[in-house]
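The values are calculated or read from the model by the stated rules, or taken from the named source; none is laboratory data. Since this is a predicted model, take the numbers as computed values, not measurements. Cβ placement follows ideal geometry from the backbone for every residue including glycine, while neighbour counts extend to all protein chains displayed. When the accessible area is computed, the model is the full protein with side chains, heavy atoms only, and any ligands, DNA or RNA have been set aside. Shrake-Rupley method; radii C 1.70, N 1.55, O 1.52, S 1.80 Å.
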Amino acid sequence: MSFPRVLAPVLLALGALWMSGCAPKTTDSSTLRIGEFASLTGKEAAFGQSSHKGTLLAIEELNAAGGVLGKKIELLSEDNQSKPGESATIAKKLIARDKVVALLGEVASSRSLEAAPVAQAAKIPMVSPASTNPKVTETGDYIFRVCFIDPFQGTALAKFAQSHLKARRVAVLTSVSSAYSVGLSKYFHEQFLQDGGVIVADQKYSESDKDFNAQLTAIRAAAPEAIFVPGYYTEVALIARQARALGLTVPLFGGDGWEAPELLTIGGDAVEGCFYSTHYSPDTPTEAVQTFVKKFRAKFSGETPDAMAALGYDSALVLADAIRRAGSLDPAKIRDALATTHGFEGVTGRTDIDAHRNASKPAVILEVKNGKFAFVESVAP
Amino acid sequence: MTEFLQQLINGLSLGAIYALLALGYTMVYGVLRFINFAHADVFMVGSFAGYYLGRLVPGGTLWGGLAVLAAAMIACALLGVLIERLAYRPLRGGPTLNVLITAIGVSLLLQYSGQIIFGATPRTFPQLFPVAQFHLGRVGISSNQIVVIVVAPLLIAGLQLVVFKTRMGMAMRAVSLNLKAAQLVGVNINTVISFTFALGSALAAAGGILYSMNYPSIDPLMGVMPGLKAFTAAILGGIGSLPGAALGGLILGGAETFVGGSQFSTYKDAIAFGILIVILLLRPAGLLGRWTAEKI
């Protein structure tokens, strides 16, 4: 009975001690803090890992060159485990506790959409490297992105289906639980139907589904000439395998959500001859891209950077450029500088931030050929 | 017609896996009157055991596949016994609710230690058995689907034999009927309960490997959805009844596949669970379950 009474002050004292130990460090004036939230583990870990590596490389280069505004950049990275519900919490923590001046993240649109309102409410600029759903930047005037958006990507893919694949009868398999997939599917539909194409089957699945045989059997019955799968690589690889097992030999094609080495390791032969659109190709013969590829390989044991890595790299550089032009660590001034980014040359091309805080950039279409990604064509914005 | 037959095959192979998993739920419930929520995570461990053991044998051979299957089943049987010994036995005799909550705890423990040990990134499950694709006209079936459709009923039949034809099975039924009375007539209930967990967990491991052969991307949270479906299947068929669990699995797999292939594919889970509600309204004890007054 008296035990808790004796213990309580001790616990309180211990608690206070712990609190003081954990209290956010007062911002060290010699560094500037940038927060990053990414899917470093989990279902879409390939996205987070790639963009994180690109960002790391950019920060390292910036710091080697003396940092920004005479301060070294300190990157605080947090993992959301590819889970819904984590990104907002992490964004809150980075802003409130770690006092970051800006946020970098995410690749997946659904998770950027979770963090964006937090950043907007706190008036902390957020730059998404690769979220293509238009809604992300519509959240508010503090949210930016350095990649193209799905109305462009969906249109480009719809045109590609008719011009390159010569497919007029296409089946669509959309993930209903991903903002990215639903959006891309919608813009594809609009353009494809407008160009006189026919959507012969419109099937749905949910994220973390593993059995797609039912949908694919229905698609097979509709005899399409190609199948549009605007999803993420984990599901796409399984869809491709199950489609081939059902005897569907027509090409599958999709968007930048396919961009990951896992597409090849899980998909194997099944993804051979499939196409997807993305932000850049490491085979682009420009000097900027080749230097980036070389530096990236040197730092990450020979790994070739994919589009998410390139965008992660560009997002950090665009942000650093804005901080430099703002001449201040005031988030509102950084925001204003970001909004006037014009003619920034990165590895994914020229970045001009428009009135809707989006970048308009060319897309490239790649094909899976002999277990590798091969360049097919470039689509101008 | 072709489409119907194809969907039937898809539904059967999915349902067979649900059935295997549902047996584990129903068996533990039959003997101990509680739902072992950690069962779905033993299924996940079985699949990871297959992933790691699969590297030790030459891939795509029959004997290699069978060896991995057997080894994973033994490993999970031991895990099941261990879980029962450490988590559930100390609570025996207490209210069922305590064990139920502990089961949820064990489930979370396995999921999150799985993320630490195996990593949260999905892995590609190796090709264990030789694969081939058969076509009857436009109806395609893969050897993996055939393995599932053949192995699952064999295991279920084997289980039925164990429960109804062996002394241990008789002891299991005795414990299920009345734990105290069985103890009084000399049944060693600890052995019987350990055996039940071993058997159920071995079936979960087999289910995990068969599931991963068809859907070769595995991660530590992979058990959650199939576990929920199999639990539903067990309730649907009448919890405590072995044929009921098998029937429930097939109905659920079939419903999910036929809805998934229709224009209502968005609602496939909603409809599968809707069927459960309808059946429970009409037959509260499930399709093959016997209604008994709950003794509290």
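Are any of the pairs A:Lys71/A:Lys135; A:Lys186/B:Lys268; A:Lys210/B:Lys165; A:Lys166/A:Lys361; A:Lys299/A:Lys361; A:Lys71/A:Lys372 more than 32 Å apart by Cα-Cα distance, and if so, which? Let's see the in-between values first.
Values: A:Lys71/A:Lys135 34 Å; A:Lys186/B:Lys268 21 Å; A:Lys210/B:Lys165 38 Å; A:Lys166/A:Lys361 25 Å; A:Lys299/A:Lys361 27 Å; A:Lys71/A:Lys372 41 Å.
In this structure, A:Lys71/A:Lys135; A:Lys210/B:Lys165; A:Lys71/A:Lys372 lie more than 32 Å apart at Cα.
When 1/r is averaged over all different Cα pairs and the result inverted, which Kirkwood radius in Å belongs to the stretch A:150-278?
14.0
Taking only complete DSSP H runs, can you tell me which helices of chain B stretch 24 Å or more along their own long axis by Cα positions and average at least -0.5 on the Kyte-Doolittle scale?
B:2-32, B:62-83, B:96-117, B:143-165, B:189-214, B:242-260
What accessible surface, in Å², does a 1.4 Å probe find on B:Phe164, ignoring ligands, DNA and RNA and rounding to the nearest 10?
110
Hey, if we sort B:Met170, B:Met213, B:Met225 by accessible area with the 1.4 Å probe, largest down, what's the order? Spell out each step's value before the answer.
Working: B:Met170 120, B:Met213 15, B:Met225 70 Å².
Correct descending sequence by accessible area is B:Met170, B:Met225, B:Met213.
To the nearest 0.05, what FRET efficiency results for B:Val131 and B:Met168 with a Förster distance of 35 Å applied to their C-beta separation?
Rounded to the nearest 0.05, the efficiency is 0.45.
Rounded to two decimals, what ratio of Rg to Rh does the stretch B:150-229 give with C-alpha atoms and a Kirkwood Rh? Mind showing how you got there, number by number?
Details: Rg = 15.9 Å, Rh = 14.5 Å.
Taking Rh as the inverse mean 1/r over Cα pairs, Rg/Rh reads 1.10.
Rounded to the nearest 10 degrees, what's the angle between the helix A:307-326 long axis and the longest principal axis of chain A, both from Cα atoms, 0 to 90?
So the helix axis and the longest Cα principal axis differ by about 40 degrees.
What is the Rg over Rh value, at two decimals, for chain A, using alpha-carbon atoms and the Kirkwood definition of Rh?
So for chain A, dividing Rg by the Kirkwood Rh gives 1.04.
Taking the Cα atoms of the stretch A:117-191 alone, what are Rg (to one decimal) and Dmax (as a whole number) in Å?
14.9, 49
How large is the direction-averaged shadow of the alpha-carbon convex hull of the stretch A:308-381, in nm²? Numbers along the way, then the final one.
Numbers: hull surface 22.4 nm².
Projected over every direction and averaged, the Cα hull of the stretch A:308-381 covers 5.6 nm².
Run the simple label-point estimate for A:Asp283 and B:Ile104 please: 7 Å along Cα→C-beta, distance reported in nm.
Here the modelled spin labels are 5.3 nm apart.
When every alpha-carbon pair in the stretch A:69-201 is counted, what percent end up more than 24 Å apart?
That fraction is 40 percent.
Along Cα→Cβ, 7 Å out, is where each label goes; now give me the distance between the ones at B:Arg33 and A:Lys295 in nm to one decimal.
With each label point 7 Å from Cα toward Cβ, the separation is 6.9 nm.
Taking each pair of distinct Cα atoms in the stretch A:77-151 once, what is the resulting Kirkwood hydrodynamic radius in Å?
11.9
Rounded to the nearest 5, what is the percent of antiparallel bridges among the DSSP beta bridges in the protein assembly as shown?
So the antiparallel bridges amount to about 40 percent of the total.
With all protein chains present and a 1.4 Å probe, how do A:Glu44, A:Glu225 order by accessible area, largest first?
Numbers: A:Glu44 0, A:Glu225 80 Å².
These residues rank, largest area first, as A:Glu225, A:Glu44.
Based on C-alpha coordinates, I'd like the Rg and Dmax of chain B, in Å.
Cα radius of gyration and Dmax of chain B are 18.9, 61 Å respectively.
Less than 13 Å Cβ to Cβ from A:Gln191, Lys/Arg counted +1 and Asp/Glu -1: what total charge do the surrounding residues give?
Net local charge, A:Gln191 excluded: -1.
Beyond 51 Å, how much of the Cα-Cα pair distribution for the protein assembly as shown remains, as a whole percent?
19
Against the longest alpha carbon principal axis of chain A, how many degrees, from 0 to 90 and to the nearest 10, is the axis of helix A:45-64 turned?
Taking the Cα atoms of chain A, the angle to A:45-64 is about 50 degrees.
Considering just Cα atoms, how many Å³ per residue does the convex hull of the stretch B:1-60 enclose?
Convex hull of Cα atoms, per residue: 116 Å³.
Could you please put B:Tyr52, B:Tyr25 in sequence from largest to smallest accessible area, using a 1.4 Å probe?
B:Tyr52, B:Tyr25
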